[in-house]
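Accompanying notes for the structure given below.
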């Protein structure tokens, strides 16, 4: 039997933040500042701290993915979707979704080998995109 997942009841402002994230184009990764700007257009009194608290809670609930890049001071956010990882171009800074997943037996073996429990996985590959590789070759 397929398990039905229900979205937990969220405070009004948190639901607004989640709706803003879900309205962005698939594959877009928004900063907290961008999310705040979009949400503030819908609710002018919304503060930064509310956005950060909402993003933390939505991440903890598994509704939002937080993508952290080594040289970036701020994280990027997107609605949680299975079956993908991220490619970060170290040349231009672009972040793209790439189809990727580990088969469940491999994930279970990894957890067993290290005696850990894995709840979520966020994978980021770093390298050069086609445009930056071409520019470097010129």
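The values are calculated or read from the model by the stated rules, or taken from the named source; none is laboratory data. The structure displayed is predicted, hence computed values, not measured ones. Positions of Cβ are generated from backbone atoms using ideal geometry, with glycine treated the same way; all protein chains shown enter the neighbour counts.
Values as computed for the structure displayed
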{"quantity": "In the range 71-93, the residues that are out of contact with any strand residue (DSSP E or B) (no Cβ under 7 Å at 6 or more places or on another chain) and under 15 Å from residue 31 (Cα atoms)", "calculated": "71, 72, 73, 93"}
{"quantity": "Residues within the range 111-124 that are loosely packed, with under 12 Cβ neighbours inside 10 Å and under 20 Å from the mean Cα position of the chain (by Cα), tallied", "calculated": "3"}
{"quantity": "For residue 93: the one exception among (1) under 27 Å from residue 13 (Cβ atoms); (2) at pLDDT below 90", "calculated": "(1)"}
{"quantity": "Search result, residues across the range 113-126 that are at pLDDT below 95 and out of contact with any strand residue (DSSP E or B) (no Cβ under 7 Å at 6 or more places or on another chain)", "calculated": "117, 118, 119, 120, 121"}
{"quantity": "Residues being closer than 19 Å to residue 127 by Cα and surrounded by 14 or more Cβ atoms within 10 Å (Cβ to Cβ) - total across the range 96-110", "calculated": "2"}
{"quantity": "Check on residue 24, modelled with pLDDT of 95 or more and farther than 15 Å from residue 122 by Cβ", "calculated": "no"}
